[in-house]
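Worksheet for the structure shown next.
None of the figures in this text is laboratory data; all of them are computed from the coordinates on show. Since the structure is predicted, the reported quantities are computational estimates derived from the model, not experimental observations. Virtual Cβ from ideal backbone geometry, glycine too; neighbours counted across all protein chains shown.
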Amino acid sequence: MIGDLLQTKYEKAARVICKQGMIPFSVNETTVTILKRAVGDSEAELDLIAAFDKKASQTLAELKVSSGMPEETIVELANSLARKGLLFNQPNTAGIMVYRLLPLMTVGLMEYTFMGPLQWNETEKELAILFQRLIDEVRDRVQESYDIFVPVFNLSPPVDRTVPAHTTDDGKKIKVIPVNKTLDSAGEFVLPSQSIEEIIEKFDEIAVGHCFCRQRRALLGDPCATDAPLENCFTFGKSARHTAAQGFARMITREEAFRIMHEAEAAGLVHKAFHPNSNVDKPETSICNCCKDCCDTLRTWKEGVFPLVNSTFHLSQIDREPCTGCGTCVERCPTEAIRLDDMGKAIRDAGACFGCGVCARFCPEEAIALEEGLRKVFILPPRLRVSA
C-alpha cells in the first residue's frame, strides 16, 4: 500500500514536470524512473513538485497556499530540489524570492545534472542512459508522426543565438561585410551583442561550469572526437548566482571568462547565447561553447528529433577565387552547410549557415567573410523513416 502511494506521487510529480519547458514529454517508465533517481524517496519533495501543477513560478506566499506546507518546510524542500537541478530559486527584480519548477531538459534537470564536476560513477552513467532513452523516445514519436510535427516545428522560436568568432586562427580580423539594407522597424530594433567581449562586459556576476553535453556523451562511452575543453559553460547574473549556489558552476572574474572564451574559440567551438524566453531584447542568461559532435542541439537535429532553430546576424560568404578546395571549412562547419562542388571549390548553403564564423576562422586562404544581416535559421530534422 505504501509503495503504491509513493508510485502515485512519482507519477503525479512527473506529470507536472513533463508540462514544463518547450518539450512536452510523455509520462512513462522513463520519465518516472528519471524522477526516482533524481529525487529519491522523499515524498515531501514530490508533494512540493505537485504544488506547481497550476503555476510553474510561485512566490513563497503562493506556495504556502498551493502546497499547504509551512514556510520553513517549503524553503528546506525547495533548497534541496534546487541542488538536484529541479528548481530555480532566485529573487526577482523586486527582491522577492521566486521558485520556478524546471523541465526535464532545455534547460533543466538534464543540463544541471551534468554541468557540475562529475564523480564518473554508475549512478551518473545510469542517468545519462535514461536521458538518452528519453531523447530516443521523442525521436521515435517525431519520426512516426513526422507530418503532424512539421507545422508545430514551424512555429518554434529560436532556441539560441549564435555569437560569431571575429578573428582567424592566427589572430587576424575576419572580414565583415556590413548590412546593405535597412532593417524593418529599425527605430525600434536594438542589435544584441555580437561579440563575447561585449557580453562579458555587461555582467558583474559570471559563473562557469562544465559542458553538460560533452560530459553526458563521455558517460555514454562516446567522448568528444575533438577533445574539446570541458569547463566553458557560462551563466550570467542571477543564473550565475543560482548555478554557483547549487554547485553546478563556480564564480569567476571577467579576465578568466575572457581567457576561457578565447580558448573555446581556439578549439573551434561555437558561441551560442541564450536569452529569457528566446527574447534577444533581454540580456543573455548564458553562453554555451559547442562542438559539432556532442552539442545536444546539433545532435538532436541530425538524429531526427528536433529542428535546428537559431537566431543569427551573420552569414558566411566564400570567395571562390582564393579558395583552394582544401576542405577545412567542410570539416569544421557544425551544420554541414558547406561542401565542395564539381570544381573542387567550397560552396555554402545559406539556409543551413548560422554564421558562427568557424569556417572563416580556420580557412588557410582567408577566403571566407561574414556578411551582416538578421536571420532566423530553421532546418527541419531529417526524415529517417516513412510512416506506414
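Couple of notes before you dig in:
- Value of relative contact order over the stretch 61-205, rounded to a whole percent, pairs C-alpha under 8 Å and six or more apart: 10 percent
- The charge dipole of the stretch 245-374, taken about the Cα centre with unit charges on the Cβ atoms of Lys, Arg (+1) and Asp, Glu (-1), comes to about 380 debye, rounded to the nearest 20.
- Working from Cα pairs under 8 Å separated by at least six residues, relative contact order for the chain is 17 percent.
- Sequence-distant contacts, meaning Cα pairs under 8 Å at least 6 residues apart, place the relative contact order of the stretch 1-135 at 25 percent.
- Whole-Å distance, taken between Cα centres, linking the stretch 239-315 and the stretch 350-387: 17 Å
- Loop-located trypsin sites (Lys or Arg not before Pro) in the stretch 131-175 whose Cβ has at most 13 other Cβ within 10 Å (DSSP): LYS172
- Put a dot 7 Å past the Cα of ILE129, heading toward its Cβ, do the same for PHE153, and the two dots end up 3.0 nm apart.
- Put simply, when 37-43, 103-109 are sorted by average Cβ atoms within 10 angstrom per residue, most first, you get 103-109, 37-43.
- Stokes-Einstein, applied to the Kirkwood radius of the stretch 279-388 over Cα pairs at a viscosity of 0.890 mPa s and 25 °C, places its translational diffusion at 162 µm² s⁻¹.
- Under the Debye formula (equal points on every Cα, no solvent term), log10 I(q)/I(0) of the chain at q = 0.08 Å⁻¹: -0.45
- Extension gain, CYS326 to VAL65, is 87.5 nm, computed as 0.36 nm per intervening residue step minus the present C-alpha separation.
- Structure-based [θ]222 nm, the chain - -39500 (n - 2.57) summed over DSSP H runs of at least 4, per residue, nearest 500: -11000 deg cm²/dmol
- Residue pairs, from the table LYS12/LYS302; LYS55/LYS272; LYS36/LYS376; LYS282/LYS345, whose Cα atoms sit over 31 Å apart: LYS12/LYS302; LYS36/LYS376; LYS282/LYS345
- Max mean-square fluctuation residue, GNM over the chain, Cα-Cα springs under 10 Å, options PHE203, PHE236, PHE274: PHE203
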